[in-house]
2 protein chains.
Amino acid sequence: MRTLRLLIAYDGTEFAGWQRQANAIAIQQVVEEAFAPLNDGVAVTIAGAGRTDSGVHALGQVASVNVEFSHSANAVWRALNVRLPPAIRVLDVAEAEPGFHAQFDATGKSYRYRIATTPVQSPFDRAFTWHVPWALDVTAMRRAAARFIGTHDFASLQASGTLITDRVRTLERLDVVTDVPGEIQILAEGDGFLRTMVRVITGTLVEVGSGKRAPESMTDILAAKHRDAAGETAPPQGLTLVSVRY
Amino acid sequence: MRTLRLLIAYDGTEFAGWQRQANAIAIQQVVEEAFAPLNDGVAVTIAGAGRTDSGVHALGQVASVNVEFSHSANAVWRALNVRLPPAIRVLDVAEAEPGFHAQFDATGKSYRYRIATTPVQSPFDRAFTWHVPWALDVTAMRRAAARFIGTHDFASLQASGTLITDRVRTLERLDVVTDVPGEIQILAEGDGFLRTMVRVITGTLVEVGSGKRAPESMTDILAAKHRDAAGETAPPQGLTLVSVRY
């Protein structure tokens, strides 16, 4: 058995997220269907590192797949890009240690959330930014972000209704960046993220920047361990899975 | 009578170009329909500076419209952006000299053509770049571009079948820029452009960069005064009308 490691970028606008769904087209399904002809038409399961939600993008999603065939990694790369729609591109295919698993072996991920702060949202960025045209206090947002950094039970910052019981994660980095004119970017890096966690953090930081919450109150949000304690979930299109660490 | 000057950006992907068409939705039509309610429902004609083709984008299209109403320029700006689809945004509305005409009063325009040169085209740029993954000789492209600069009869570089008889234009600038990693950009500025002229120039420069034509042969192309003398027309999605000069 061989294990291949795929590096995948996608514009998530038209898809129901990474993970295969019963009634909607997910990126996993599209990649698996493009893969099957390489495998004599036999279906494969492709494991993605991060289950990006509907409308969320990826610059560097990593996926793993176990195969028996002898096609070279380069041939697989070419064939997939011929078959996949232009919204999904395989940037690289490489041999991995047999048994490598993109999700279970990941030791960290980084995400970027783009907020467009211009009075009018650029038509070219409408699928990739959240438009927040009012003034945001970046200093307050940075002070709030600092309270989330570290190892915490992030129960207050995950999607409600999630069944996962271990909600302790280490957020190594949460930067509020203003390098790009007309944008505020939230850059998050950590050992793992709960469902919608970056979007809830972003929505909460925007409420801080809007003067609706005090930066110090982030400590109370963490302590509450309940989704209701945090702010709104920022919309999906601003979020991109940038890279996965192993 | 008042004349308003509109600054408009659009993602041209889904539209049949700027100019109103009988059987397809053009940007002019969408803007005029968004404008009519401001004018008591009476249809207006909005003149655009450049008739961008189907699939071509604009960062700074300028349009003019004559009105009788008393709504402030700011109120018009807000109302248009509420009514228009997010793919079309009005960046600014200002009072102009009465009788100002965006097309006839324009003294120059600048365009940008983006060529993606990475082995795989980014899914985020697929609607905004032409994917040319083979090696291009940028030095040869620059030598070729230099031969187009100046005042010439550009008959060889306009769409075939065009009825316009005065094809003399002055191309003030034609830069082949490599500032953005993974991209070659063609920046063109001049007093006016014939139909598809920037795309034919780009397609011809790519043939030079691919070794199919010599840079010196650009002089022969101009002298031929026939569309067949030049190269292929580059696809529309790489092109953006950047700004209009008055």
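The values are calculated or read from the model by the stated rules, or taken from the named source; none is laboratory data. This one's a predicted model, so the numbers in the text were calculated from it and none came from an experiment. FYI the Cβ positions are ideal-geometry reconstructions off the backbone, even for glycines, and counts take in every protein chain you see. With ligands, DNA and RNA removed, areas are computed over all heavy atoms of the protein, side chains included. Shrake-Rupley method; radii C 1.70, N 1.55, O 1.52, S 1.80 Å.
Summary of computed values
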{"quantity": "Lysine pairs in the protein assembly as shown with Cα atoms under 28 Å, if 8 or more residues apart or on separate chains", "calculated": "4"}
{"quantity": "Sum of side-chain charges, A:LEU222 neighbourhood, beta-carbon under 9 Å (Lys, Arg +1; Asp, Glu -1)", "calculated": "0"}
{"quantity": "Interface area, A with B, accessible, probe 1.4 Å, both sides summed, Å² nearest 100", "calculated": "1500 Å²"}
{"quantity": "Nearest-first distances (nm) between copies at A:ARG195, label 7 Å from Cα via Cβ", "calculated": "5.5"}
{"quantity": "Label spacing, shortest first and in nm, from B:ASN74 to its equivalents in the remaining copies (7 angstrom along Cα→Cβ)", "calculated": "6.2"}
{"quantity": "Choice from A:ALA127, A:ALA230, A:ALA102 with maximal GNM fluctuation in chain A (Cα, 10 Å cutoff)", "calculated": "A:ALA127"}
{"quantity": "Accessible area of the protein assembly as shown belonging to carbon and sulfur atoms, whole % at 1.4 Å probe", "calculated": "50 percent"}
{"quantity": "Mean projection area, nm², convex hull over Cα of the stretch A:134-173", "calculated": "3.8 nm²"}
{"quantity": "Buried on assembly, the stretch B:77-111 (at least 30 Å² less accessible surface than by itself, 1.4 Å probe)", "calculated": "B:TRP77, B:PRO86, B:ARG89"}
{"quantity": "Contact order normalised by residue count of the stretch A:1-138, Cα under 8 Å, 6+ apart, percent", "calculated": "31 percent"}
{"quantity": "Percent of beta bridges antiparallel (DSSP, the protein assembly as shown, rounded to nearest 5)", "calculated": "90 percent"}
{"quantity": "Burial of 50 Å² or greater, the stretch A:121-140 residues [accessible area, probe 1.4 Å, versus chain by itself]", "calculated": "A:PRO123, A:PHE124, A:ARG126"}
{"quantity": "Cβ-derived FRET efficiency at R0 45 Å, B:ARG51 paired with B:ALA214, nearest 0.05", "calculated": "0.85"}
{"quantity": "Kirkwood Rh in Å, taken over the stretch B:20-80 so that all alpha-carbon pairs contribute", "calculated": "12.7 Å"}
{"quantity": "Estimated FRET transfer efficiency (A:ASP137, A:THR107; beta-carbon r; R0 51 Å; 0.05)", "calculated": "0.90"}
{"quantity": "Reciprocal mean inverse distance between Cα atoms of chain B - Kirkwood radius, Å", "calculated": "18.9 Å"}
{"quantity": "Whole-number percent relative contact order across chain B, with pairs defined as alpha carbons under 8 Å at least 6 apart", "calculated": "25 percent"}
{"quantity": "Descending Cα extents along the principal axes, the stretch B:184-246, whole Å", "calculated": "35, 24, 17"}
{"quantity": "Bridge type composition, chain B - antiparallel percent by DSSP, nearest 5", "calculated": "90 percent"}
{"quantity": "Rg [Å, one decimal], Dmax [Å, integer] - the protein assembly as shown, C-alpha atoms", "calculated": "25.9, 78"}
{"quantity": "Per residue accessible area in Å² of the protein assembly as shown, where ligands, DNA and RNA are left out and the probe is 1.4 Å", "calculated": "44 Å²"}
{"quantity": "Calculated FRET efficiency for the pair B:ALA159/A:ALA36, C-beta based, R₀ 41 Å, to 0.05", "calculated": "0.40"}
{"quantity": "Largest-first principal axis extents, alpha carbons of the stretch A:74-150, Å", "calculated": "50, 37, 13"}
{"quantity": "Neighbourhood net charge (14 Å Cβ-Cβ; Lys/Arg +1, Asp/Glu -1) for B:LEU157", "calculated": "+3"}
{"quantity": "Compactness of the stretch B:144-236, expressed as Rg and Dmax over alpha-carbon positions, Å", "calculated": "12.4, 40"}
{"quantity": "Inter-copy separations for A:ALA223, label at 7 Å along Cα-Cβ, nm, ascending", "calculated": "8.5"}
